[in-house]
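As structure tokens, the structure follows; a few thoughts come after it.
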Amino acid sequence: MEKLKQAVKEIAYYRHQAKFSKLHLSLIPFLSLSSSLYGALLYTRQSLYRSGFFSKNRLPVPVISVGNLTWGGNGKTPMAEFIAKRLADYGISPLILTRGYAGGDEAKMLKRHLLGGPVKVGVGANRVATANLFFEKYGYVDYRGSKFFERTYLDPKMGSHVGSQKIGAAVLDDGMQHWSLCRDLEIVMINGLMPWGNCKLLPLGPLREPLIAIKRANIAVVHHADLVLEQKLKDIKLVLQEIKESLPIFYTRMTPSYFFELRNISTKMHLGAVLDAVVLCVSAIGSPDAFVRAMEKIGPLFVDRFDFSDHYSFQLKDYDRDPEILKHLHPFKVLVLCSEMQIIPCNGCNEDSFKSLLKELLEV
């Protein structure tokens, strides 16, 4: 199955069929038919929402959607965490709504990163039902139309005593295609390493929607921009501006912060712990190249890699799904790399302007 998934991914991201194997070529007719059917279903679903046949729900607090148009590796979950932390800095208690896909590993990661803070994480495919459960438990407050955001934006120290347990905003992790829920702000994430692939719809290509869907976005974010050549970033910017000229474009990177050892997750280890070591990078994420390149920059003696497909379900499972995996890994030292998303200053677009744009778009 892994070999098949890898072949499908290669078809989606490589344009030159002359380099395809017999397996690749045998899959293309089936993938083409499936892609056409997917496109027809997608169009029908969009039409039903536009006509009002399918109703949309609105939450009693501002909703920020973080989504993408392609397969994983676009930085949706790190961006959801980034936004939630910035809202918390200003005294707004946010609720991150995530599907809990493939065992809920991303939700568990969010809870671990945000432990002890005001950010809450709701897990469930029905985002509205999940949000309502949290509203019943904690209450909610809508700051739109008040001076609260303005005061806390100007004086972040106010956030420490103005905020409460009441939920003041919702952040949708992977929300761009979740059309049943209205949003106040749409952020589309783009993987700078592999932006559009062959520009075909799933499963022949990596696109969940045609690129024209970028018009719905209020902000575009090119992720892993530090690993991309300047000319490629210009090409991505050109595509985005051709679709929506006024779209603000930001650039982000994942910056390694520390390691923790699985046998003692409460202890942070300096990045220098792997200097002069031989490291095997094992991942089941959407963009393993970015992970491996980040490890290489830290400075191990040698780096090898073992890549699985995104959200791969290991036979031994992984740590977030089953901590008992540790018994099978003795005597090797197993470390987890923790990274934080950072906005790369570029052409006047930086973290301050990003927060300012959040403020303007949420103040209704």
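Looking only at helices (runs of 4 or more DSSP H) that fall completely inside the stretch 100-168, which ones have 1 or more residues that are modelled with pLDDT of 70 or more and open to solvent by less than 40 Å² (accessible area, probe 1.4 Å)?
Values: elements: 105-113, 127-138, 148-154, 159-162.
It comes to 105-113, 127-138.
From Leu207, Leu201, grab the single residue that is among the hydrophobic types (A, V, I, L, M, F, W, C), open to solvent by 10 Å² or more (accessible area, probe 1.4 Å) and either in contact with a strand residue (DSSP E or B) (Cβ under 6 Å, 6 or more places away or on another chain) or at pLDDT below 95 (or both). Reasoning before the result, please.
Working: Leu207 fails: open to solvent by 10 Å² or more (accessible area, probe 1.4 Å).
Matching residue, one of Leu207, Leu201: Leu201.
Please specify each residue of the stretch 45-87 satisfying the condition of being over 23 Å from Arg99 (Cβ atoms), in a helix (DSSP H, G or I) and open to solvent by 60 Å² or more (accessible area, probe 1.4 Å).
To start, the set of residues in the stretch 45-87 that are over 23 Å from Arg99 (Cβ atoms) comprises 47, 50-53.
Within this subset, residues satisfying the condition of being in a helix (DSSP H, G or I) are 47, 50-51.
Across the stretch 45-87, the qualifying residues are Arg50, Ser51.
Only one residue in Leu42, Leu37 is aliphatic (A, V, I, L, M), more than 16 Å from Asn198 (Cα to Cα) and surrounded by 15 or more Cβ atoms within 10 Å (Cβ to Cβ). Which one? Write out each step before concluding.
Details: Leu37 fails: surrounded by 15 or more Cβ atoms within 10 Å (Cβ to Cβ).
From the options Leu42, Leu37, the qualifying one is Leu42.
For every residue, the table says whether it meets (1) in a loop (DSSP other than H, G, I, E, B); (2) at pLDDT 90 or above; (3) touching a strand residue (DSSP E or B) at 6+ places or on another chain (Cβ under 6 Å).
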site: His311; (1), (2), (3): yes, no, no
site: Lys317; (1), (2), (3): yes, no, no
site: Arg321; (1), (2), (3): yes, no, no
site: Glu324; (1), (2), (3): no, no, no
site: Lys327; (1), (2), (3): no, no, no
site: Phe332; (1), (2), (3): yes, no, no
site: Glu340; (1), (2), (3): no, yes, yes
site: Phe354; (1), (2), (3): no, yes, yes
site: Leu358; (1), (2), (3): no, no, no
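Restricting attention to the stretch 1-35, report how many residues are assigned to a helix (DSSP H, G or I) and either free of Cβ contacts under 8 Å to residues at least 60 places away in the same chain or of a type in the set (D, E, K, R) (or both).
Of the residues in the stretch 1-35, the ones assigned to a helix (DSSP H, G or I) are 2-13, 17-19, 22-35.
Adding the requirement that they be either free of Cβ contacts under 8 Å to residues at least 60 places away in the same chain or of a type in the set (D, E, K, R) (or both) leaves 2-5, 7, 9-10, 17-19, 22-27, 29-30, 33.
Counting residues in the stretch 1-35 that are assigned to a helix (DSSP H, G or I) and either free of Cβ contacts under 8 Å to residues at least 60 places away in the same chain or of a type in the set (D, E, K, R) (or both) gives 19.
Within the stretch 272-298, which residues are open to solvent by less than 40 Å² (accessible area, probe 1.4 Å) and assigned to a helix (DSSP H, G or I)? I'd like the intermediate steps shown before the answer.
In the first step, residues of the stretch 272-298 are kept if they are open to solvent by less than 40 Å² (accessible area, probe 1.4 Å); the result is 272, 274, 277, 279, 281, 283-284, 286-288, 290, 292, 294-295, 298.
The answer is Gly272, Val274, Pro288, Ala290, Val292, Ala294, Met295, Ile298.
Got a sec? Which of Arg253, Arg263, Arg216 is out of contact with any strand residue (DSSP E or B) (no Cβ under 8 Å at 6 or more places or on another chain) and open to solvent by 50 Å² or more (accessible area, probe 1.4 Å)? Talk me through it step by step, then tell me what you get.
Details: Arg253 fails: out of contact with any strand residue (DSSP E or B) (no Cβ under 8 Å at 6 or more places or on another chain); Arg216 fails: out of contact with any strand residue (DSSP E or B) (no Cβ under 8 Å at 6 or more places or on another chain).
Checking each option against the conditions leaves just Arg263.
Across the stretch 88-99, what is the number of residues that are touching a helix residue (DSSP H, G or I) at 6+ places or on another chain (Cβ under 6 Å) and surrounded by 20 or more Cβ atoms within 10 Å (Cβ to Cβ)? Don't jump to the end; show me each part of the working.
Step one: of the stretch 88-99, the residues touching a helix residue (DSSP H, G or I) at 6+ places or on another chain (Cβ under 6 Å) are 89-91, 94-98.
Next cut, surrounded by 20 or more Cβ atoms within 10 Å (Cβ to Cβ) only: 90-91, 94-98.
Of the residues in that region, 7 qualify.
Can you tell me how many residues within the stretch 202-254 are in contact (Cβ under 8 Å) with a residue 60 or more places away in the chain and of a type in the set (D, E, K, R)?
4
Identify all residues within the stretch 207-252 that are in contact with a Cys (Cβ under 8 Å, 6 or more places away or on another chain) and part of a strand (DSSP E or B); write none if there are none.
Leu207, Ile249, Phe250, Tyr251
Against the condition touching a Ser or Thr at 6+ places or on another chain (Cβ under 8 Å) and modelled with pLDDT of 95 or more, how does Asn68 come out, does it pass?
On the way: touching a Ser or Thr at 6+ places or on another chain (Cβ under 8 Å): no; modelled with pLDDT of 95 or more: yes.
Answer is no for this residue.
The values are calculated or read from the model by the stated rules, or taken from the named source; none is laboratory data. Here the structure is a predicted model, which is why all the values come from computation and not from measurement. In this analysis, Cβ positions are derived from the backbone assuming ideal geometry, glycine residues included, and neighbour counts consider all displayed protein chains. Protein only, heavy atoms only, side chains kept; ligands, DNA and RNA dropped before computing areas. Shrake-Rupley method; radii C 1.70, N 1.55, O 1.52, S 1.80 Å.
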